[in-house]
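Trainee: Okay, here's the structure, questions in a sec.
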Amino acid sequence: MAGKREENPAGSSNNLRGDVLRVLGVLKVATVEQIQRISAPHLSYRHTDKPTPSKRKQARTASHTGALSDLRKHGLAENGGQLPGGDTLRNLTPMGLKAAARELGRPVGEMGNPARGAGRTGASHPMTVNEAVLALLRPKPDLAQLASEPADVRAAAQAVVDAPAGLGTIASYATEVALPATGTWANPGKGGAQADIVITAPEDGVPLLFVEIDNCFESAQVLAAKIDKYMRFCQRKVKDVDGKERPMWRTRWWVPDGRHGDRPHPPLLLVFNRIGPRNPGTVIAQLVELTERHWKGTAYEGGFHMYDGKLPIVVTGMKQLKEHGPAGAVFRRFGRPHNQTLLEAIGNPRREAHDARRQAEYAARQREHKEELRRIAAQHRAAREASRPVCAGCGTRFTDERWKAIEPAGWGAPRDTHPHLCDDCKQRAITAEHQAEQAGPEQQEHDQAVPEQKAGGTWLSRFRG
């Protein structure tokens, strides 16, 4: 025990240090509170008896602060400056990124670069990215860890547990991901994009989603240029390991193939955080026009659109995203008139509804056809039963075998000897005929043995007497 304390003076556990590595491996730079809210959300509902918010925050984050201290001792983490409010930023060293890669099960080459120096400029953009991750992830507190807390605290935690879930786990997220239009994954060339967040949560209906964060400092033209870069990346094709040419993004991420004629590029979510001077409503209206060639689909008679080779672009506000999460109807897709949930906005619900109607109509026709076949078959059976022969002897209806036996078998084929009788009656008739045939010769022999009495024999004997 003394050895462990000496190795990790703050006394952190392996699991706790692993949680910190995973979160910082994804976010690159974060405050201790953000790390705690993601990896141990139940702690947000503890220490409510502390007298001030700062003391409550200090108590909630104490264990993760200790884990960061131990990681810093091992050269895996470091302080990255301070935010204007006084919070210290934490980030991983290059060696820490390698350790985080092992914790996340990712290749080291996909981890990106350390976020050193982010605090020097206030880190407003990285902090907004982190808040977007939290809003999309929506970590759920472990209620078992709050059994001894006051009833109102447990009720608040229960409300979060009962609320709609977010997307995936922290391992479903990556930040600052290069999307090269030229060059390679490891050495991107010019003209590519860099996604603020990439989400891969196929278990929650989001196989691949790019997220771009805007603090309302950039113009519509600048954002349109970024979207051009996303489009160039999505359209880029390279040879895969099997020698076949595929979209470059498919060599890294898995996405279902989609339906023929409706295979859009991975969707892009724009999250506007209104802290800058620009009005997001005005910017979005301009952006819709500037990027129409990228997102506009082809209309079909069924009231839906096809988006083959298009880039679905969806927008929302940070405030709405924090309040409602992915399940809230706070997402607007370019080209659609109403807000939708995230899954609806990145999908094609009208096409799916059209396909469902077509499938239901086809299934109904199939049922009607089968029912018609059953009705016709029932009529044939009834007509056949009505024409089934009846035995002339006992009045019972013929069996199928008996009926078949009496049917004409073709020219020259022997005909049944008793076609009007059932099997039993036929057997009795045949037996009676055999008996009659056997009795016939015996009767003839008997008749020949007895002399024929001549007519008038009685009169002749009287005459002789």
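Trainee: Give me the percent relative contact order of the stretch 281-385, please, defined on Cα pairs under 8 angstrom at least 6 residues apart. It would help to have the intermediate numbers written out before the result.
Mentor: Details: 92 pairs, mean separation 20.0, N = 105.
The normalised contact order for the stretch 281-385 reaches 19 percent.
Trainee: In angstroms, what radius of gyration and Dmax does the stretch 313-384 have, counting Cα atoms only?
Mentor: In Å, with Rg to one decimal and Dmax whole: 23.0, 75.
Trainee: From Cα coordinates alone, what are the radius of gyration and Dmax values for the stretch 285-441 in angstrom?
Mentor: Just the Cα atoms of the stretch 285-441 yield Rg and Dmax of 37.6, 119 Å.
Trainee: Further question: Compute the accessible area per residue over the chain, keeping the other protein chains in place, probe 1.4 Å, unit Å².
Mentor: Accessible surface, normalised per residue, equals 57 Å².
Trainee: Any idea how far the Cα center of the stretch 144-179 sits from the one of the stretch 292-368, in Å?
Mentor: Using only Cα atoms, the two centres lie 28 Å from each other.
Trainee: Would you calculate the volume per residue, in Å³, of the smallest convex hull containing every Cα atom of the stretch 190-277?
Mentor: Values: hull volume 10.7 nm³, N = 88.
Convex hull volume per residue, Cα atoms: 121 Å³.
Trainee: Quick one: accessible surface of CYS394, probe radius 1.4 Å, all protein chains present, in square angstrom to the nearest 10.
Mentor: Roll a 1.4 Å probe over it and CYS394 shows about 70 Å².
Trainee: Which net charge results for the neighbourhood of ASN339, defined as the other residues with beta-carbon distances under 10 angstrom from its beta-carbon, given Lys and Arg at +1 and Asp and Glu at -1?
Mentor: Residues close to ASN339 contribute a combined charge of +2.
Trainee: Oh, and also: Where in the chain is the longest stretch that carries no trypsin sites (Lys or Arg not before Pro) classed as loop by DSSP and with at most 15 other Cβ atoms within 10 Å?
Mentor: Numbers: sites that count: LYS190, LYS244, ARG252, ARG274, LYS296, ARG415, LYS454.
Here the longest segment lacking exposed loop sites spans 1-189.
Trainee: Suppose each label sits 7 Å from its Cα in the direction of the beta carbon; what would the GLU371-THR182 distance come out to in nanometres?
Mentor: Rounded to a tenth, the inter-label distance reads 6.6 nm.
Trainee: From the convex hull of the Cα coordinates of the stretch 256-322, what is the mean projected area in square nanometres?
Mentor: Values: hull surface 24.3 nm².
Its Cα hull, projected and averaged over all orientations, spans 6.1 nm².
Trainee: Quick one: angle between helix 62-73 and the longest Cα principal axis of the chain, in degrees between 0 and 90, rounded to 10, please.
Mentor: That helix lies at roughly 70 degrees to the long axis.
Trainee: Here are several values of P(r) over Cα pairs in 20 Å bins from 0, in percent: (i) 18, 36, 15, 9, 11, 6, 4, 2, 0; (ii) 23, 56, 21, 0; (iii) 24, 45, 25, 6, 0. Which one was derived from the coordinates shown?
Mentor: So the calculated entry is the one marked (i).
Trainee: To test your reading of the geometry: what angle, between 0 and 90 degrees and rounded to tens, separates the Cα axis of helix 14-27 from the longest principal axis of the chain?
Mentor: 80 degrees
Trainee: At q = 0.10, 0.23, 0.24 Å⁻¹, what base-10 log of I(q)/I(0) does the Debye formula yield for the stretch 1-91 when every alpha carbon is treated as an equal point scatterer in vacuo?
Mentor: Those come out to -0.25, -1.19, -1.25, one per q.
Trainee: Suppose we keep just the alpha-carbon trace of the stretch 41-173; what are its Rg and Dmax in angstrom?
Mentor: 16.7, 47
Trainee: Considering only the other residues whose Cβ falls under 15 Å of the Cβ of ASP308, what net charge follows from Lys and Arg at +1 and Asp and Glu at -1?
Mentor: The answer is +4.
Trainee: Mean separation of Cα pairs under 8 Å and 6+ residues apart, divided by the residue count of the chain: what relative contact order is that in percent?
Mentor: 9 percent
Trainee: Using alpha carbons only, how many degrees (0 to 90, rounded to 10) separate the axis of helix 349-386 from the longest principal axis of the chain?
Mentor: 10 degrees
Trainee: Mind jotting down the three principal axis lengths of the stretch 117-266 based on Cα atoms? Whole angstrom, largest first.
Mentor: Principal extents (largest minus smallest coordinate, Cα): 60, 41, 27 Å.
The values are calculated or read from the model by the stated rules, or taken from the named source; none is laboratory data. Keep in mind that what you see is a predicted model, and the values were worked out from it rather than measured. Heads up, the Cβs are rebuilt from the backbone with ideal geometry, glycines too, and the neighbour counts pull from every protein chain shown. Just the protein is used for accessible areas: all its heavy atoms, side chains included, with ligands, DNA and RNA removed. Shrake-Rupley method; radii C 1.70, N 1.55, O 1.52, S 1.80 Å.
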